[in-house]
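Chemist: Before I ask anything, here is the structure I am working with.
Where a number appears in this text, it was derived from the coordinates with a stated rule and is not lab data. Here the structure is a predicted model, which is why all the values come from computation and not from measurement. Positions of Cβ are generated from backbone atoms using ideal geometry, with glycine treated the same way; all protein chains shown enter the neighbour counts.
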Amino acid sequence: MTVERLTDLSQISRRALVGGAVAGGINMLAENSVNAACLWTAKQAEGPFYPEEVSETDWDMTNVVGGTGRAFGEVIEVSGQVRDSRCHSAGGCTLEIWQANARGRYAHLHDTGNSQPLDHNFQGYARIVADGNGNYRFVTIVPGSYPANGDWIRPPHIHFKVKSEFSSLTTQMYFDGNEHNDQDYLLNGVALEDRRALLVKFDQIHANGMRAGKFDLVLADD
Ligand SMILES: [Fe+2]
């Protein structure tokens, strides 16, 4: 049985108020746009499947050295920008990413309650460094949903652990519109206005047919 701890449900994000915007009384339009861009990203549980050991860590999770082909599933691109609590880009921050394969199985010793097969062509984990403007990008597959506890089905999601010089954040990214989102205890433990930032639309299409989505993150101060 795979259960991601509920004890972190209370760790909802606080709203970021940009001091200068409030104190300075700049016009409402500018204030709203600044706050919208710098809403602190909600924390989410790390879960039980943070990798214990990894081999490859590069940005393309759909290929592994010595593999027999590309990972099973729909290939997608995820990109975005990481900012700090003052809305400055977190250039050079590190992002760790891990997720289940397309059938909902983690390559982890503790994922024993899942009868779905492993995919030996799927990397399952990446560690990437954002550029000087906090921008990052990786290629992966849409993870499958998986059974958690009782009737609870975890919707497809990607785990993120982000570290910058002064901040860190552990959270999960979800796929907007997925049928399991509305019943997920972890996602719905986040305040509605913060939840939207965790839901990513994959409605951009690259020339090669690959869907792409943007997941921007804002780190609160540690
Ligand atoms: Fe998970």
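Chemist: Multiply the residue gap between residue 192 and residue 165 by 0.36 nm, knock off their C-alpha separation, and tell me the result in nm, one decimal place.
Modeler: Fully extending the segment from residue 192 to residue 165 adds 6.8 nm.
Chemist: Name the residues whose placed amide hydrogens come within less than 5 Å of the amide hydrogen of residue 76, ignoring near sequence neighbours (fewer than 5 apart) on the same chain.
Modeler: 140, 141, 142
Chemist: I would also like to ask the following. Can you run phi through the Karplus equation (6.51, -1.76, 1.60; θ = phi - 60°) for segment 113-127 and list ³J(HN,Hα) in whole Hz, with x for Gly and Pro?
Modeler: 3J(HN,Hα) across segment 113-127, in whole Hz: x, 10, 8, 6, x, 6, 10, 6, 9, 9, 6, x, 8, 9, 10.
Chemist: Please give the residues of segment 119-148, grouped as numeric ranges, whose backbone N is less than 18 Å from a label point set 7 Å along the Cα-to-Cβ vector of residue 65.
Modeler: Output list for this probe position: 120-128.
Chemist: Going 7 Å from the Cα of residue 201 in the Cα-to-Cβ direction, what parts of segment 145-180 have a backbone nitrogen less than 13 Å from that spot?
Modeler: Answer for segment 145-180: 176-177.
Chemist: Under 1.5 on a/c is rounded, so check that first for segment 158-219, then, if it is not, pick prolate when a/b is larger than b/c and oblate when it is not; a ≥ b ≥ c are the square roots of the alpha carbon gyration tensor eigenvalues.
Modeler: Because a/c hits 1.5 or more and a/b fails to exceed b/c, segment 158-219 counts as oblate.
Chemist: In addition: I'd like the chymotrypsin sites (Phe, Trp or Tyr not before Pro) in segment 87-147 restricted to DSSP loop residues with at most 16 other Cβ atoms within 10 Å, sorted by number.
Modeler: Of the chymotrypsin sites (Phe, Trp or Tyr not before Pro), not one in the loops of segment 87-147 has a Cβ with at most 16 other Cβ atoms within 10 Å.
Chemist: Between residue 183 and residue 94, what FRET efficiency follows from the Cβ-Cβ distance if R0 is 45 Å, with the result rounded to 0.05?
Modeler: It comes to 0.85.
Chemist: Quickly rank 199-212, 158-171, 62-75 as a protection proxy: mean count of other C-beta atoms within 10 Å, highest first.
Modeler: Packing order, densest peptide first, comes out as 158-171, 62-75, 199-212.
Chemist: Can you list residues whose amide H is under 5 Å from residue 154's amide H, if they're 5+ apart or on another chain and H is modeled 1.01 Å from N?
Modeler: Residues meeting the criterion, in which the H sits 1.01 Å from N, are 146, 148.
Chemist: Same structure, new question: What distance in nm lies between label points placed 7 Å from Cα along the C-beta direction at residue 86 and residue 55?
Modeler: Here the answer is 4.4 nm between the modelled labels.
Chemist: While we're on this one: Taking H placed 1.01 Å from N in the peptide plane, check which residues at least 5 places from residue 83 or on another chain put their amide H under 5 Å from its amide H.
Modeler: Long-range HN contacts for residue 83: 90, 217, 218, 219.
Chemist: Please arrange 93, 38 by how many other C-beta atoms lie within 10 Å of their C-beta, fewest to most.
Modeler: The order, fewest Cβ neighbours first, is 38, 93.
Chemist: What does the highest-first list of 84-91, 108-115 look like by mean Cβ count within 10 Å?
Modeler: 84-91, 108-115
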